[in-house]
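Below: the structure, in structure tokens.
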Amino acid sequence: HVARAVELAGESDGLTQPHPKSGCVLVAADGGVVAETFQLGQGGARAEVLAADAANGGAAGGCAYLNLEPVHGNDAGEDAGVNALHRAGVTRVVIGIAHPIPGTRHAAVDALRARGVHVVVLGDDDLDEREEEAKQRGEASGASREGEMLRAATREVVAAARARNRALLYRVATGRPFSVLKYAMTVDGKIATTSGHSSWVTGPTARGAVWAERARSDAVVVGGSTVRRDNPNLTTRRKDGHLPARVVLSRTMDLPGVEEENYGLGTYDTQDDGDDGEMAAARAEKRRKPRTNLWDTSEAPTIVMTRTGARPEFQAQLRELGVEVIEFDDLTPSAVAEYCGKRGYLQLFWECGGGLAAPALNDVVIHHVMAFIAPKIIGSSGGPAPSPVGETGLDLMTDAMTLRGLALSTHGRDVLLSGYLPAVNTSGRLKRDGDGDGDGDGD
Ligand SMILES: NC(=O)c1ccc[n+]([C@@H]2O[C@H](COP(=O)([O-])OP(=O)(O)OC[C@H]3O[C@@H](n4cnc5c(N)ncnc54)[C@H](OP(=O)(O)O)[C@@H]3O)[C@@H](O)[C@H]2O)c1
């Protein structure tokens with residue numbers, strides 16, 4: 001049932017900002033499921049409240065299953081989740097993972113226990129550590145096969161619960177947004193031709209997966225050169241749901257002028273991709289006035305991040321169009337991630353070329369990589385063609401950054417290989433209560 005709560009929590013994926021995703025399953029005393037709910041978005045009714053309403057007393061004496069501990073207590077200014085579970089009359093609550101924010105963690109668990117509810121938090125139990133200790137004591141052979149299977153299943157459900165709210169967990173552990181680097185390359189490792197033409201490396205199914213990941217993000221990040229060459233839209237192509245900000249990092253501010261024509265090299269990201277008529281028509285209209293897509297803020301917000309004092313008159317022109325311009329004394333991926341963390345962003349989706357991807361990786365800003373690989377070979381023509389990651393300064397293969405937790409999937413004719421990079425600026429564990437300043441505003 002916790003696995004089902006994780007699944008339900010995923011229902012709000014891409015429809016809301018990537019704030020905590022919560023699902024709830026209420027089971028009656030006789031074992032029958034009486035409610036399955038999820039919180040649709042920030043500020044919406046809590047999954048537990050919706051479930052208690054739906055159960056209408058039918059879960060009395062039963063059990064609640066949650067993927068994530070609800071926020072509770074003075075720090076959170078909130079008691080709706082715990083009150084709803086109390087109102088539902090459950091005597092047991094099984095939770096996938098505790099709330100990660102220090103000060104909030106275990107507040108709901110303690111409150112429920114104080115009301116006499118039996119609470120189990122699956123993720124609190126470090127099964128690997130316990131097993132290792134048992135092994136060292138020579139007790140491993142005593143474990144029954146059923147017990148082993150149960151532990152394996154528990155580990156799986158805890159991993160799924162963590163993955164569902166990974167952006168929040170990373171943000172609490174690192175103080176920065178969870179950052180995903182995505183690129184689309186040919187089988188010979190090129191993200192564009194020698195001339196810079198890059199539309200299209202992958203097919204429509206893979207591009208659909210990219211739009212879905214944009215919708216899970218607070219901001220989509222590119223560098224100035226991608227704006228100059230590709231004139232991207234960087235929208236989710238959806239009418240409803242969360243709109244991530246489009247962020248351009250440009251140190252020079254040598255970007256297309258507000259009235260300048262900008263066809264890009266191949267209208268990257270601007271073609272109709274089987275959208276329905278209304279949106280396709282709007283984009284066709286735009287192509288008749290081929291200005292820089294990101295300067296049109298009617299569809300989604302745009303933020304340009306630049307160096308202090310770069311082209312102030314142009315900055316003023318952009319601001320007049322509704323583009324936000326933020327200046328940095330030193331524009332680095334690290335400073336940008338820090339700033340976006342303070343702004344409350346939980347997930348950044350880096351869709352830049354190799355010139356920006358390399359410093360972002362070197363700054364240890366990137367946590368997850370999505371590499372789309374198209375079954376195409378392009379080679380080069382009179383000069384090198386760009387690859388996904390530029391100058392890292394690494395000279396030995398033994399120094400390569402190694403992805404972990406790999407996943408492989410196919411999208412039409414394209415393959416997606418994704419994996420996590422170890423965040424070396426953390427110990428890999430969440431801070432314990434009282435370790436941090438507890439300023440996470442992830443809920
Ligand atoms: N297939 C794909 O997945 C994909 C995705 C994106 C792009 N592309 C292709 O990649 C090519 C562009 O590659 P690119 O690497 O030049 O892309 P980029 O995404 O534009 O990144 C480089 C730019 O980032 C800006 N920047 C800001 N801070 C920086 C910093 N600290 N260090 C380095 N750069 C910083 C600079 O802009 P300023 O020069 O304005 O200061 C720099 O020119 C194009 O041909 C495009 O079509 C392909």
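The values are calculated or read from the model by the stated rules, or taken from the named source; none is laboratory data. Keep in mind that this is a model prediction, so the values were computed, not measured. In this analysis, Cβ positions are derived from the backbone assuming ideal geometry, glycine residues included, and neighbour counts consider all displayed protein chains. Quick note on the areas: whole protein, heavy atoms, side chains included, nothing else; ligands and nucleic acids left out. Shrake-Rupley method; radii C 1.70, N 1.55, O 1.52, S 1.80 Å.
If we sort 254-261, 345-352 on the protection proxy, mean other Cβ atoms within 10 Å, highest first, what's the order?
Working: 254-261: 14.0, 345-352: 26.8.
Per-residue mean Cβ counts within 10 Å order the peptides as 345-352, 254-261.
Per residue, what accessible area does the stretch 175-420 have, given a 1.4 Å probe and all protein chains present, in Å²? Each step should come with its number before you reach the end.
Values: 10850 Å² over 246 residues.
Each residue of the stretch 175-420 exposes 44 Å² on average to a 1.4 Å probe.
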Under a 1.4 angstrom probe, counting protein chains only, how are Glu148, Glu69 ranked by accessible area, largest first?
Glu148, Glu69
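Largest first, what is the accessible-area ranking of Met370, Met185 with a 1.4 Å probe? Write out the running numbers ahead of the final one.
Details: Met370 15, Met185 35 Å².
Accessible-area ranking of Met370, Met185, largest first: Met185, Met370.
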Excluding ligands, DNA and RNA, the carbon-plus-sulfur percentage of the accessible area of the stretch 2-164 with a 1.4 Å probe reads 48 percent
Once the whole set of protein chains is in place, how much accessible area is left on Ser195, using a 1.4 Å probe, in Å² to the nearest 10?
70 Å²
Using a 1.4 Å probe, how large is the accessible area of Thr226, given in Å² and rounded to the nearest 10?
20 Å²
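Quick check: with the 1.4 Å probe, what order do His411, His197 take by accessible area, largest first?
Numbers: His411 40, His197 70 Å².
I get His197, His411, largest accessible area first.
In square angstrom, what is the accessible area per residue of the stretch 2-164 with a 1.4 angstrom probe? Working shown, then result.
On the way: 7530 Å² over 163 residues.
Heavy-atom SASA per residue in the stretch 2-164 reads 46 Å².
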For the stretch 22-99 and the stretch 336-385, what is the separation of their Cα centres, given in Å?
39 Å
Amide proton proximity set for Leu331, modelled H, under 5 Å, gap of 5+
none
Starting from 0 in steps of 10 Å, tell me what percent of the Cα-Cα pairs of the stretch 383-423 lands in each bin.
20, 39, 35, 6
Using θ = phi - 60° and the Karplus form 6.51 cos²θ - 1.76 cosθ + 1.60, what ³J(HN,Hα) does each residue of the stretch 356-370 get, whole Hz, x for Gly and Pro?
9, 4, 5, x, 5, 5, 5, 7, 6, 8, 8, 10, 9, 10, 10
Tell me which residues come under 5 Å, amide H to amide H, from His411 once H is placed; ignore anything under 5 positions away on its chain.
Leu416
Phi-based couplings in Hz for the stretch 209-224 (Karplus 6.51, -1.76, 1.60; Gly and Pro marked x):
5, 5, 4, 5, 5, 4, 5, 7, 10, 8, 8, 10, 10, 9, x, x
Could you work out the Kirkwood radius for the stretch 2-164, taking every pair of different alpha carbons, averaging 1/r and inverting it, reported in Å?
16.3 Å
Can you give me the long-range amide H partners of Val119? Hydrogens built in the peptide plane at 1.01 Å from N, cutoff under 5 Å, separation of 5 or more residues or another chain.
Val93
I'd like the Karplus ³J(HN,Hα) series for the stretch 2-13: coefficients 6.51, -1.76, 1.60, θ = phi - 60°, whole numbers in Hz, and an x wherever there's a Gly or Pro.
5, 4, 5, 4, 4, 4, 4, 4, x, 4, 8, 4
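What's the carbon and sulfur percent of the stretch 175-420's accessible surface, probe 1.4 angstrom, rounded to a whole number? Display every interim value, and only then the final one.
Values: 5700 of 10850 Å².
With neighbouring chains kept in place, the figure for the stretch 175-420 is 53 percent.
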